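Below: the structure, in structure tokens.
The values are calculated or read from the model by the stated rules, or taken from the named source; none is laboratory data. These numbers come from a predicted model, not from an experiment. All Cβ positions, glycine included, derive from the backbone under ideal geometry; neighbour counts span all protein chains shown. The area values use the complete protein model at the heavy-atom level, side chains included, leaving out ligands, DNA and RNA. Shrake-Rupley method; radii C 1.70, N 1.55, O 1.52, S 1.80 Å.
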Amino acid sequence: MLRWILFDLNSFFASCEQQEDPSLRGKPVAVVPSMTDTTSVIAASYEAKRFGIKTNTRVSDAKKMCPGLILKSGNHRLYTEYHHRIVKACEEVLPVKKVLSIDEVACELIGREREIETATKIAQQMKDHVRHVVGSEIKSSVGIGPNILIAKIASDMMKPDGLTVIPKNLIPEKMGRLPIEVIPGVGAQTKYKLNSKGFFVINDLLKLSDFELKKHWGSIWGLRIAKELQGEDWAWRPKTAQKSLSHQHVLPPDLRTLEKSFQVSLKLMMKALMRLRKEKLKAQSLSVYIKFVDGSRFENTVSFQATEDTYFLSHQLKKIWNPISKQKPIKVAIVFSNLTDGPDQLSFFDNNKLAPINQALDLINAKFGANTLFMASTKDVIHSAKSRISFNHVPSLDDELDEAEN
């Protein structure tokens with residue numbers, strides 16, 4: 001029985017660039033964080049992949065591998081806009097049950113949709129509709145299976161622009177000889193551990209009993225993965241309560257002073273507070289981390305009663321910012337932890353008159369754009385520390401995002 005469609009976008013960032021600029025189509029393109037040879041490739045078009053270029057390839061090496069390589073500085077707002085347009089197009093065919101990452105969504109099949117012929121038609125319709133509505137360069141590989149894990153592995157089996165169906169009864173035949181590293185989450189360490197126990201291909205895991213599965217995987221998570229390989233569809237658990245929220249930023253050379261790095265940290269804190277208030281959460285701890293050019297680190301933490309007040313927390317940040325290193329800072333991070341969505345706690349330091357100010361600050365920045373209102377102490381770094389996309393967190397279009405460099 002089929003239950004899930006996994007829609008996986010091919011070379012997503014590079015495809016967005018090729019869709020926006022027709023002159024890039026059919027050419028090797030690499031998306032990079034900055035125009036320097038010392039950084040690494042974020043994403044490569046399939047034309048670039050034919051030369052062996054892939055994610056994390058050093059730019060200097062990529063240029064040698066492909067002399068005609070075209071570099072594009074990552075445009076995070078563009079990719080976020082395309083993501084939301086693609087999700088909307090998918091939902092015009094079938095509701096999206098879960099957004100797995102910036103370039104992957106999962107749709108649940110119900111009733112007669114689970115029949116092979118019908119599911120295949122729906123998946124092909126989704127692929128065609130996205131390319132028609134969003135753009136011809138937006139290609140996808142789609143997997144259909146009895147659960148999201150099988151559908152994910154199926155989507156990876158035919159790239160680019162493929163469509164693979166794996167019913168439960170055909171798992172051993174279609175997937176059995178695949179190496180275990182095709183399983184999401186099986187990295188080098190897990191692969192070594194399983195290889196040492198005699199497990200090299202998926203069929204080796206399909207032969208085990210539940211007791212043996214748990215024993216060899218060594219965790220409930222491992223047992224769940226192994227059972228899903230057998231075709232079981234474990235219900236997705238409700239989202240667990242968020243325990244922490246953080247922002248970090250690598251400092252460019254002109255901001256590598258303690259004064260400027262503090263301003264960046266304050267801006268990071270302001271961004272995190274907007275997220276806290278948007279999620280209706282409060283924090284009970286604030287931590288600051290600094291990494292210096294020599295590799296040394298500074299960290300400090302302060303705890304308090306639950307709050308999301310900007311004025312109070314800016315003073316807490318100042319209180320714990322006391323590094324003594326003479327080295328230049330190269331990276332800063334702030335972390336809010338011990339988050340709670342419970343009722344306000346009575347605190348000697350609370351000032352209810354400030355709540356409307358925090359709300360007004362968020363509303364104005366949301367309506368007129370990030371940094372419409374900001375702390376005067378961050379004016380020198382106002383264009384630094386913008387948001388970047390991580391593959392497992394998709395920003396909203398209201399978030400402050402990096403623009404492409406010209």
- Message: When you check E20 against the structure, is it modelled with pLDDT of 95 or more, within 25 Å of V93 (Cα to Cα) and open to solvent by 60 Å² or more (accessible area, probe 1.4 Å), yes or no?
- Response: yes
- Task: Confirm whether S296 is more than 25 Å from the chain's Cα centre (by Cα), open to solvent by 40 Å² or more (accessible area, probe 1.4 Å) and modelled with pLDDT of 90 or more.
- Result: yes
- Query: Of (1) farther than 17 Å from D233 by Cβ; (2) assigned to a helix (DSSP H, G or I); (3) in contact (Cβ under 8 Å) with a residue 12 or more places away in the chain, K121 satisfies all except one. Which?
  - Reply: (3)
- Taking K168 and the conditions (1) charged (D, E, K, R); (2) more than 14 Å from M1 (Cα to Cα); (3) in contact with a helix residue (DSSP H, G or I) (Cβ under 9 Å, 6 or more places away or on another chain), which numbered condition does it fall short on, given that it satisfies the others? (2)
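Consider I86 carefully, then state whether it is among the aliphatic types (A, V, I, L, M) and closer than 17 Å to D161 by Cα. Write out each step before concluding.
Numbers: among the aliphatic types (A, V, I, L, M): yes; closer than 17 Å to D161 by Cα: yes.
So I86 passes the test.
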- Message: Of everything in the stretch 268-286, what is in contact with a helix residue (DSSP H, G or I) (Cβ under 8 Å, 6 or more places away or on another chain) and either more than 12 Å from S314 (Cβ to Cβ) or modelled with pLDDT of 90 or more (or both)? Give them in sequence order.
- Response: M269, M274, R277, K278, K282, A283, L286
- Query: Before we move on, is I150 closer than 21 Å to R85 by Cα and in contact (Cβ under 8 Å) with a residue 24 or more places away in the chain?
  - Reply: no
- Item | Any pair with Cβ under 9 angstrom, 6 or more apart, that starts in the stretch 183-195 at a residue that is over 16 Å from L149 (Cβ atoms) and open to solvent by 50 Å² or more (accessible area, probe 1.4 Å) and ends at one that is assigned to a helix (DSSP H, G or I) and among the aliphatic types (A, V, I, L, M) | K191/I180
- Message: Looking at the stretch 69-83, can you tell me whether even one residue there is open to solvent by less than 70 Å² (accessible area, probe 1.4 Å) and under 19 Å from K159 (Cα atoms)?
- Response: no
- Are any residues in the stretch 300-326 buried (at least 16 other Cβ atoms within 10 Å of the Cβ) and in a loop (DSSP other than H, G, I, E, B), and if so, which ones? E308, D309, W321, P323
- Restricted to the stretch 21-51, and to residues that are of a type in the set (S, T, Y) and assigned to a loop (DSSP other than H, G, I, E, B), which residue is farthest from H76 (Cα to Cα)? T38
- Going through the stretch 220-252 in order, the residues found to be open to solvent by 40 Å² or more (accessible area, probe 1.4 Å), at pLDDT below 85 and of a type outside the set (A, V, I, L, M) are W221, W234, W236, R237, P238, K239, T240, Q242, K243
